[in-house]
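Data first, discussion second: the structure below is written as structure tokens.
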Amino acid sequence: MTTAPALLRASTPALRRHGLLVLLLLLIGASGVAAQGGGVVPPRRRRQVVDVGVILDTKTWVGNMSWTCMELALHDFYADAGHAGYRTRLKLHLRDTGPGAVDAASSGLDLLKNVRVQAIVGPQTSTQSKFLAELGNKSMVPVISFSADCPSRSGLTPYFIRTAWNDSSQAEAIASLVQKYNWREVVPVYEDDDDTNIKFIPDLVDALKQVDTRVSYRCKIHPSATEDDMKTAISNLKQNWTSVFVVRMSHALAQKFFQLAKDEGMMTQGFVWITAYGLTDIFDVVGSPALDVMQGVLGVKPHVQDTVELQNFRQRWRKKYRLQNPGTSLSGPTVSGLYAYDTIWALALAAEKAGFVNSDFRPSLTKNGSTDFDRIGTSKAAEKLRGALLKVLFFGISGKFHIQDMQLVSSNYTIINLVGQERREVGFWTPGSGISGSPKMKSDLNTVVWPGYNETAPTAPRGWLFPTNKNLTIGMPVKPGFEEFVGFDNGTATGFCVDVFEAVVNDLPYHVPRHYREFGDGKGSSNGTYDELVYEVYLKNYDAVVGDITILANRSSYVDFTLPYTESGVRMLVPVQDRRQKTAWTFLRPLTADLWLGTGAFFVFTGFVVWSIEHRINQDFRGSPASQIGSVFYFSFSTLVFAHREQILNNFSRIAIVVWLFVVLIVQQSYTASLSSILTVEQLQPTVTNLEEVVRNGGNVGYLNDSFLPGLLKRLKIDESKMIAFDSPVEYDEALSSGKVAVIVDEIPYLKVFLSKYCQKYTMVGPTYKFDGFGYAFPRGSPLTPDISRGILKFASDDRMVKMQKDLYGETSCPDKDDSQTSSSLTLQSFQGLFIISGASSVLALILHAVITIYNNRHEFNSDGSQSPWRRWPAILSKLFHGDDSPSNTPDKDEAAAENAGSAVETPLSIRIPSHIVEHMSDTDTGSPPEGEGTPGRELSVQDTEPLSFAYMHSERGQNRAASLSRSGSSIRRRQISME
């Protein structure tokens with residue numbers, strides 16, 4: 001049945017006039033019928049139309065698919081019961097343009113001038129968006145793109161809005177995937193145009209750099225490239241070590257590329273292909289032809305949650321799209337189509353929120369402009385629509401719709417794996433959490449099937465492959481003097497460095513084809529220095545360098561070194577001299593001068609302390625001053641051999657002596673051991689121990705020719721005129737033996753080889769200057785470097801390395817003969833603690849003895865009050881010090897003391913004298929009562945007689961009295977015997 005509007009469109013003007021009359025009558029009749037029914041039908045509220053321009057290329061699948069999504073969005077929004085009360089309604093004005101930017105700009109100008117649209121949706125490419133963005137900026141009309149890739153700046157102008165995710169955000173997802181499998185190098189393969197990849201590739205390189213992955217090569221393919229051009233590009237990829245590729249190109253070009261890559265054998269084991277979003281949709285667009293050539297390919301795309309609404313939408317879209325495009329291969333809307341759907345929905349919400357009025361384009365200020373562009377007016381209503389759109393927030397079928405920084409906020413990415421005829425979701429990427437098997441929790445990726453593998457062998461490729469039909473060209477230095485490390489014999493590489501390299505490479509889980517080439521002229525001379533040889537790797541003349549190459553900072557600027565496989569460091573080589581040449585004073589060498597003096601001082605001090613304590617009570621420490629001084633020294637030094645004969649009576653003296661004998665025992669044993677070592681064990685000692693000594697003496701310094709050592713010697717303040725270069729161990733020996741040089745400075749491996757032949761004459765001494773050892777040099781970023789380094793670590797702990805080192809350095813190593821392994825004199829500091837203990841013990845014993853003696857004789861201080869205490873102190877102390885408390889002069893032995901004239905001479909402070917001797921003394925010296933009148937056996941005390949002090953006993957009067965006592969005692973004793 002034909003509707004009224006259809007009849008009006010098809011009729012002539014006359015008929016249209018009559019038709020309008022008929023239509024009016026019909027409406028009046030319908031109104032009357034309604035009135036007769038007892039009710040009034042209110043007039044339907046008229047919605048204000050908001051004109052929106054749409055610029056698409058419907059001849060492409062993207063444009064065709066997007067237009068279908070927009071139509072469904074417009075229908076679904078206003079068919080929704082919740083939107084029945086809206087006052088506005090979008091009206092889409094489609095302009096079908098080609099891929100050119102001029103056509104798009106012309107359509108945009110037409111929409112702005114003639115239709116007066118309030119927004120423009122749909123420029124598909126970045127080039128079109130740039131032109132339309134300028135039109136929108138001039139007219140203040142928002143230009144909204146859901147498919148253009150403009151990551152360089154989300155808003156080219158304030159009125160350009162992208163309702164799609166930032167294209168650069170997927171670069172981080174790809175970088176995280178690369179980091180997950182520890183791939184160290186990636187090659188981007190992309191379409192060489194300024195539309196999609198001008199900013200994505202730099203962003204990808206920066207993201208890969210953040211995860212320590214290099215991009216050393218880029219493969220660009222022009223959109224108009226022929227099959228031969230593609231084959232050449234693929235051949236270059238095969239000659240590269242890297243086997244991880246990130247592909248970003250159009251669907252048609254990508255299908256051709258992957259087909260040729262498969263034909264060239266690059267879709268097999270060991271290769272990794274990752275497609276960026278955009279190309280990931282090729283599975284929906286192309287279908288089986290793409291699936292057949294892209295088995296095992298990984299891809300990333302924005303994550304869209306599979307909801308019921310999305311499933312219903314896909315079903316309705318598929319029905320509508322296939323009805324309009326029969327025979328299509330497109331199986332469903334892509335993510336960009338979902339963005340188109342949500343864009344129209346968001347515009348409808350923004351239009352209602354803006355409270356639209358009629359189009360209010362104001363004429364341009366330049367009415368007489370030369371172009372239509374100059375005459376475009378501005379729209380306040382469109383500006384208001386833009387502001388409302390930026391504030392729209394809802395959950396659409398693509399996910400959360402929220403504009404920030406003039407583009408849709410990006411979120412999670414899905415990682416898909418093409419296996420068979422299906423696309424599997426193997427993982428997700430989320431900002432801040434990285435790669436995971438689930439978007440909500442941290443878990444490992446699901447099983448990935450790589451190119452050339454099946455599901456039972458999901459081992460991830462290592463990320464690099466040997467280039468096809470390539471042998472490693474390994475450079476070798478020419479080393480005439482030290483053939484033990486590297487040599488070339490009849491075209492065969494030999495030496496320790498080569499043996500270690502071969503052992504490590506043979507242990508790798510893959511084959512490394514290689515051949516060695518000598519860096520020389522074929523006559524035994526080198527073509528350059530070691531630095532120049534390393535630089536040959538940087539120039540790609542060699543694929544590696546194997547030899548005694550020291551790892552240095554300046555060399556590592558051009559190449560990558562493996563871990564060192566030899567000892568590291570630089571030391572000095574010096575002659576040794578025989579220290580068994582003894583002199584008359586060799587016995588003094590075990591102890592240093594300060595220890596000799598310190599020990600002697602403590603001998604004297606200990607003897608003085610013992611004499612001071614024993615002098616009062618011990619006859620062995622009494623006598624004339626000369627005799628007592630001799631006793632002190634004799635007693636002190638006799639303790640050295642524990643031969644002291646004096647009897648020690650005081651306990652304080654015994655304590656001091658016991659501690660001192662312990663010290664003497666330790667010092668004596670140490671002296672004996674050191675002297676034995678000097679006389680028997682120690683044989684050789686270096687002639688020089690440090691370079692400072694060589695500099696002071698003005699000696700020459702030798703080093704290995706063609707090495708980095710001159711730079712080190714200059715930093716150590718060695719004058720260049722004092723440096724002499726040598727080439728072999730024989731020259732080392734001749735120079736050191738003749739005294740041409742004082743020392744040789746070289747790396748430890750070379751010195752060990754030299755000492756294996758001349759161990760008895762030379763030794764390594766001095767500090768070790770830190771340098772890395774020998775390593776193998778590879779080009780920067782070579783995937784062999786980490787594998788060889790790991791192999792060296794494993795081989796270094798193997799018995800094979802020990803055997804190789806024994807073959808290189810000899811069965812028995814030559815020990816160092818530096819000062820740390822030779823006997824040295826004992827110092828005072830070594831015995832400081834013992835001397836402190838002994839000295840403290842002696843001082844404490846002396847102080848306690850003095851305190852106790854003064855306390856026991858305290859009545860002496862108060863016996864005479866006629867003199868001042870300060871004047872009496874010296875005499876009292878002298879009396880106490882020289883007084884006699886000797887146990888040999890007790891009352892029970894008076895007669896024995898009388899018979900002993902010597903004892904009578906040294907009478908102490910208080911003695912007991914027989915009465916007849918006292919009478920005799922009275923008659924001869926003091927005028928005492930005559931014989932018979934005195935008291936027999938009376939004790940003569942200090943109060944009765946003159947004090948017999950030490951000074952008195954040695955005076956002339958004291959000696960005469962002692963002689964008299966002796967004669968009287970002897971006469972009386974004889975008389976008694978005769979009477980008996």
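The values are calculated or read from the model by the stated rules, or taken from the named source; none is laboratory data. In this text the structure is predicted, and so the values were computed from the model without any measurement. Positions of Cβ are generated from backbone atoms using ideal geometry, with glycine treated the same way; all protein chains shown enter the neighbour counts.
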Residues of the stretch 98-127 being under 20 Å from Arg162 (Cα atoms) and among the polar types (S, T, N, Q), in sequence order, are Ser107, Gln118, Gln124, Thr125, Ser126, Thr127
Take the conditions touching a helix residue (DSSP H, G or I) at 6+ places or on another chain (Cβ under 6 Å) and basic (Lys, Arg) and apply them to Lys752. Does it pass? yes
Leu204 fails exactly one of (1) at pLDDT 85 or above; (2) not assigned by TED's automatic domain parsing to the domain that holds Val272, namely (2)
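Condition check ((1) at pLDDT below 90; (2) in contact with a strand residue (DSSP E or B) (Cβ under 6 Å, 6 or more places away or on another chain); (3) crowded, with 18+ Cβ neighbours inside 10 Å) across all residues:
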{"position": "Ser169", "(1), (2), (3)": "yes, no, yes"}
{"position": "Arg184", "(1), (2), (3)": "yes, no, yes"}
{"position": "Val189", "(1), (2), (3)": "no, yes, yes"}
{"position": "Tyr217", "(1), (2), (3)": "yes, yes, no"}
{"position": "Glu227", "(1), (2), (3)": "no, no, no"}
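Report those strands (runs of 3 or more DSSP E) wholly inside the stretch 471-515 carrying at least 3 residues which are of a type in the set (A, V, I, L, M) and either more than 32 Å from the chain's Cα centre (by Cα) or not assigned by TED's automatic domain parsing to the domain that holds Trp241 (or both).
On the way: elements: 472-476, 487-489, 492-494.
Fully inside the stretch 471-515 and qualifying: 472-476.
Looking at the stretch 501-524, can you tell me whether even one residue there is of a type in the set (D, E, K, R) and in contact with a helix residue (DSSP H, G or I) (Cβ under 6 Å, 6 or more places away or on another chain)? Break it down into steps so the answer makes sense when it comes.
First, pick out the residues of the stretch 501-524 that are of a type in the set (D, E, K, R): 502, 507, 514, 517-518, 521, 523.
Checking which are in contact with a helix residue (DSSP H, G or I) (Cβ under 6 Å, 6 or more places away or on another chain) leaves us with 507.
Yes, that holds for at least one residue.
For the stretch 283-302, which positions are of a type in the set (A, V, I, L, M, F, W, C) and either in contact (Cβ under 8 Å) with a residue 40 or more places away in the chain or under 18 Å from Tyr339 (Cβ atoms) (or both)? Before the answer, list the steps.
Within the stretch 283-302, the subset of a type in the set (A, V, I, L, M, F, W, C) is 283, 285-286, 290-291, 293-294, 297-298, 300.
Those that are of a type in the set (A, V, I, L, M, F, W, C) and either in contact (Cβ under 8 Å) with a residue 40 or more places away in the chain or under 18 Å from Tyr339 (Cβ atoms) (or both): Phe283, Val285, Val286, Leu291, Met294, Val297, Leu298, Val300.
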Expected single match for among the aliphatic types (A, V, I, L, M), part of a strand (DSSP E or B) and either buried (at least 17 other Cβ atoms within 10 Å of the Cβ) or in the same structural domain as Thr529 (by TED's automatic domain parsing) (or both) among Val765, Val694, Val667, Val753 is Val765
Taking the stretch 393-408 as the search range and keeping residues that are within 19 Å of Ala148 (Cα to Cα) and free of Cβ contacts under 8 Å to residues at least 24 places away in the same chain, which one is surrounded by the fewest Cβ atoms within 10 Å (Cβ to Cβ)? Gln404
Quick one: Leu704 ticks every box in (1) under 22 Å from Ala553 (Cβ atoms); (2) touching an Asp or Glu at 6+ places or on another chain (Cβ under 7 Å); (3) at pLDDT below 90; (4) not acidic (Asp, Glu) bar one, so which box is it? (3)
Restricting to the stretch 384-409, count the residues that are out of contact with any Asp or Glu (no Cβ under 9 Å at 6 or more places or on another chain) and polar (S, T, N, Q). 2
Scan the stretch 528-543 and give yes if some residue there is in a loop (DSSP other than H, G, I, E, B), of a type outside the set (A, V, I, L, M) and within 25 Å of Val765 (Cβ to Cβ), otherwise no. no
Search the stretch 130-145 for residues being farther than 13 Å from Leu111 by Cβ and touching a Leu at 6+ places or on another chain (Cβ under 7 Å), and hand back the single one that is modelled with the lowest pLDDT. Lys130
Determine the pairs where a residue that is under 21 Å from Arg462 (Cβ atoms), located within the stretch 231-251, has a partner that is part of a strand (DSSP E or B) and of a type in the set (S, T, N, Q) with Cβ atoms under 9 Å apart, the partner being 6 or more residues away or on another chain. Val246/Thr275; Val247/Thr275
Please tell me if Lys740 is modelled with pLDDT of 90 or more, in contact with a strand residue (DSSP E or B) (Cβ under 9 Å, 6 or more places away or on another chain) and in a loop (DSSP other than H, G, I, E, B). yes
Single match in Ser627, Ser556, Ser638 (criterion: part of a helix (DSSP H, G or I), over 26 Å from Val664 (Cα atoms) and without any contact (Cβ under 8 Å) to a residue 12 or more places away in the chain): Ser556
Is it true that Gln305 is outside any helix (DSSP H, G or I), surrounded by fewer than 16 Cβ atoms within 10 Å (Cβ to Cβ) and either of a type in the set (A, V, I, L, M, F, W, C) or touching a residue at least 40 places away in the same chain (Cβ under 8 Å) (or both)? yes
Can you tell which of Gly598, Gly569, Gly607, Gly623 is touching a strand residue (DSSP E or B) at 6+ places or on another chain (Cβ under 7 Å) and not charged (D, E, K, R)? Gly569
What helices (runs of 4 or more DSSP H) completely inside the stretch 158-254 contain at least 2 residues that are of a type in the set (Asp, Glu) and over 29 Å from Ile435 (Cα atoms)? 227-238
